[in-house]
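Visitor: After the structure tokens below, expect a handful of questions from me.
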Amino acid sequence: MKIAAYKHEQGGREDVPQFDMLAVFEAVTNAVAHRDYSMAGAKVRMRLFDDRLELYSPGMLPNTMTPESLPYRQAARNEALTSLLARCPISDNTLAHHRGHIMDKRGEGVSMILAASEQLSGKRPEYRLNDDSELVLTIFAARIEQHD
């Protein structure tokens with residue numbers, strides 16, 4: 001990931017990353033916690049491009065959820081795993097500033113991913129189903145040249 005450094009008008013420096021790291025952390029956590037573990041050999045995959053990050057999570061959405069309903073509904077496919085992740089503390093100081101554990105049980109992760117990523121890049125991330133066998137999240141990169 002590229003990180004641009006810009007000079008503040010008041011002095012000092014501001015680092016502007018291509019991706020909001022809390023949103024990426026939440027997206028990876030969701031992909032691992034909510035994937036379909038009954039799909040033998042299927043893996044969570046992340047691909048980084050110049051203009052976007054793609055995260056692939058095996059399995060269909062649970063119940064009657066759709067990519068469009070993700071910000072408004074919640075369902076835990078793997079309740080034991082989500083409960084465990086909700087008890088595991090975060091040791092990274094940057095992330096721990098926002099929350100104390102790997103997973104929050106409030107169901108606000110998708111909304112946070114969408115809002116934080118859109119605020120940084122100006123483009124709303126997109127969820128879609130790929131061949132009815134995996135959920136794909138695309139987070140668009142901030143155009144670091146824009147932050148003069």
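No lab work stands behind these numbers, since they all come straight from the coordinates. Only a predicted model underlies this, so the values are computations on that prediction, with no experimental measurement involved. Quick reminder, even Gly has a Cβ in these numbers, built from the backbone with ideal geometry, and neighbours come from all protein chains shown.
Visitor: Rank 48, 61, 116 by how far each Cα sits towards the positive end of the charge dipole of the chain (+1 on Lys, Arg Cβ; -1 on Asp, Glu Cβ) and give me just the farthest.
Guide: It is 61.
Visitor: Taking R0 as 25 Å, what's the FRET efficiency between residue 1 and residue 42 from their Cβ-Cβ distance, rounded to 0.05? Please list the in-between numbers first.
Guide: Details: r = 26 Å, r/R0 = 1.02.
It comes out at approximately 0.45.
Visitor: Based on the inverse mean of 1/r over its pairs of different Cα atoms, what is the Kirkwood hydrodynamic radius of the stretch 1-51, in Å? Let's see the in-between values first.
Guide: Working: mean 1/r = 0.0722 Å⁻¹.
One decimal place: 13.8 Å for the Kirkwood radius.
Visitor: Over the stretch 23-112, calculate the relative contact order: mean separation of alpha carbon pairs under 8 Å at least 6 apart, over the residue count, as a percent.
Guide: Values: 93 pairs, mean separation 25.7, N = 90.
So the answer I get is 29 percent.
Visitor: Additional query: Starting from the amide H of residue 77, placed 1.01 Å from N in the peptide plane, find each other amide H under 5 Å away whose residue is 5 or more places distant or on another chain.
Guide: Excluding prolines and chain starts, which carry no amide H, there are no hits.
Visitor: Kindly rank 129-136, 88-95, 9-16 from highest to lowest mean number of other beta carbons found within 10 Å of each residue.
Guide: In decreasing order of mean packing, 129-136, 88-95, 9-16 become 129-136, 88-95, 9-16.
Visitor: If you don't mind, another one. Roughly how many debye, to the nearest 20, is the charge dipole of the stretch 1-62 about its Cα centre, given +1 on each Lys and Arg Cβ, -1 on each Asp and Glu Cβ, and no other charges? Present the calculation step by step, with values, prior to reporting the outcome.
Guide: Working: 8 positive and 9 negative charges, 55 e Å.
Dipole size: approximately 260 debye.
Visitor: Tilt of helix 21-34 relative to the longest C-alpha principal axis of the chain, in degrees (0 to 90, nearest 10)?
Guide: Result, in degrees: 10.
Visitor: Taking the alpha-carbon set of the stretch 19-146, what are its Rg and Dmax in Å?
Guide: 14.3, 44
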